[in-house]
Amino acid sequence: MSTVSQVDHNQLANKVNISKQRVLVVAPGRGCYNKDELGYLQRFHTDKKDFIASIDTYRKSLNQQGITQLDGQAKYSFKLHTTGENASALIYACAMSDFKDIDREQYEIVAVTGNSMGWYIALALAGSLNEQGAIEVINTMGSMMADGLIGGQLIYPEMDEHWLQDCTKTMIIDDVIAKVNNSEGCELFSSIYLGGYRVLAGNEAGLKLAEILLPNIDGRYPMRLYNHAAFHSPLLQQISNKAKALLPQELFHQPQIPMIDGEGNIWTQYSTDLQKLHEYTLVEQVLAPYDFTVAIAVGIKEFAPDKVIILGPGNTLGGPVAQAIINVQGFDWRNKADFISVQGILPRLLAMGIKTQRELVIKY
């Protein structure tokens, strides 16, 4: 009896002594619901019928196809699944559903952030937008260009083979931006600083010239981003104006979890000015470059998480997040080799879009 009692006592003591792991949660942006993600809601979130139905009800009121129907298509369609009005709602539903599945007994969420459209999702994760406000903001912003995209985007590497910033590539990108903007009828801007990549936004003439001027890398880059507009650039001024008119400040609330925006600013439950948050979300964030690299750096340095969780669908942010962490030597990662060797033994970057890593995050 004494032996059994001692074992029980030790197990209880071990449970008490196990502290929660601190995690930074990252929301994805556009371009992460691809062919392999078709059916994501059906595979992982059949228990979230009420949440998903509320999104479908909202979209039905706008004569838009429900996300249940989109996710349940027999075949993936670029034309159907990548348009802003469909992709935004689908990605939000998948990401928020994943967020609901994080094991809160194992993990303490110390901050949230996101890439590009992921900022709107981060607002929802933190409670700054309630469920109704979140779908209204996300669906409205995603549907702004349903009648035609304004400009476009391309992506280009800004790192070397070790995932360290390559100053030569940076100078080439900056030089190309300057040359394009000095050419008549051409406009080109830095849109997103994405770990080891730079996303550029511009008008069609500007993007075409940039594709000529940027050195070809592996027959892959520069790469156009399909169905992406000139997000985070001055070209979207009319979108910003329209968003402010359609989405009132009253939709926004004090966050319950700290949020890190695309300038590296931290919005807390104690100090958030809702007027400034509304202005940032619908003006600065729409018109100015989104520095996702800085957002991750701030999350690592200011909140000292034990791990980083990337919400699904997909895992397109895995590399950029790791590159941003390497950039500040977070987790003692100094290059790609460090990341790969440690990640294979004790993962500190957990992408819920990857089944084996998802299993380390959710509660059974």
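Checked against (1) at pLDDT 95 or above; (2) out of contact with any Pro (no Cβ under 9 Å at 6 or more places or on another chain); (3) surrounded by fewer than 18 Cβ atoms within 10 Å (Cβ to Cβ), Ile300 passes all but a single condition, namely (3). Scanning region 192-207 for residues that are more than 24 Å from His81 (Cβ to Cβ) and either aromatic (Phe, Trp, Tyr) or surrounded by fewer than 17 Cβ atoms within 10 Å (Cβ to Cβ) (or both) turns up Tyr193, Ala205. Of all residues in region 303-320, those satisfying the criterion of being modelled with pLDDT of 95 or more and within 15 Å of Cys32 (Cα to Cα) are Ile310, Leu311, Gly312, Pro313, Leu317, Gly318, Gly319, Pro320. Figure legend. Inter-residue proximity from region 347-364: first residues over 9 Å from Ile309 (Cα atoms) and in contact (Cβ under 8 Å) with a residue 12 or more places away in the chain, second residues open to solvent by 80 Å² or more (accessible area, probe 1.4 Å) and part of a loop (DSSP other than H, G, I, E, B), beta-carbon distance below 9 Å, spacing 6+ or different chains. Indicated pairs: Lys363/Arg104; Lys363/Glu105.
Of everything listed in (1) without any contact (Cβ under 8 Å) to a residue 40 or more places away in the chain; (2) buried (at least 19 other Cβ atoms within 10 Å of the Cβ); (3) of a type in the set (S, T, N, Q), the single unmet condition for Ser233 is (1). Pairing each residue of region 190-201 that is under 15 Å from Gly264 (Cβ atoms) and touching a residue at least 24 places away in the same chain (Cβ under 8 Å) with any residue that is in a strand (DSSP E or B) and open to solvent by less than 10 Å² (accessible area, probe 1.4 Å), provided the two are 6+ apart or on different chains, yields C-beta distances under 6 Å for Ile192/Val199; Ile192/Tyr290. Scanning region 318-344 for residues that are open to solvent by less than 10 Å² (accessible area, probe 1.4 Å) and assigned to a loop (DSSP other than H, G, I, E, B) returns a single hit, Trp333.
What's the number of the condition Leu247 fails, among (1) surrounded by fewer than 21 Cβ atoms within 10 Å (Cβ to Cβ); (2) touching a Pro at 6+ places or on another chain (Cβ under 7 Å)? It is condition (2) that Leu247 fails.
Just to be sure before I move on: is Leu282 crowded, with 18+ Cβ neighbours inside 10 Å and touching a residue at least 60 places away in the same chain (Cβ under 8 Å) in the structure I sent? Criteria not met by Leu282. Here region 134-155 is the region considered, the condition is being in contact with a Gly (Cβ under 9 Å, 6 or more places away or on another chain) and open to solvent by 20 Å² or more (accessible area, probe 1.4 Å), and the residue that is farthest from Ile52 (Cα to Cα) is Gly151. Can we say Asp166 is more than 30 Å from Ala93 (Cβ to Cβ), open to solvent by less than 50 Å² (accessible area, probe 1.4 Å) and free of Cβ contacts under 8 Å to residues at least 12 places away in the same chain? Considered against the rule, which asks whether it is more than 30 Å from Ala93 (Cβ to Cβ), open to solvent by less than 50 Å² (accessible area, probe 1.4 Å) and free of Cβ contacts under 8 Å to residues at least 12 places away in the same chain, Asp166 comes out as yes. For region 43-56, the tally of residues that are closer than 26 Å to Thr140 by Cβ, touching a residue at least 24 places away in the same chain (Cβ under 8 Å) and assigned to a helix (DSSP H, G or I) stands at 5.
The values are calculated or read from the model by the stated rules, or taken from the named source; none is laboratory data. What you see is a predicted model; the values in this text were computed from it and never measured. FYI the Cβ positions are ideal-geometry reconstructions off the backbone, even for glycines, and counts take in every protein chain you see. All accessible areas refer to the heavy atoms of the entire protein, side chains included, with ligands and DNA or RNA removed. Shrake-Rupley method; radii C 1.70, N 1.55, O 1.52, S 1.80 Å.
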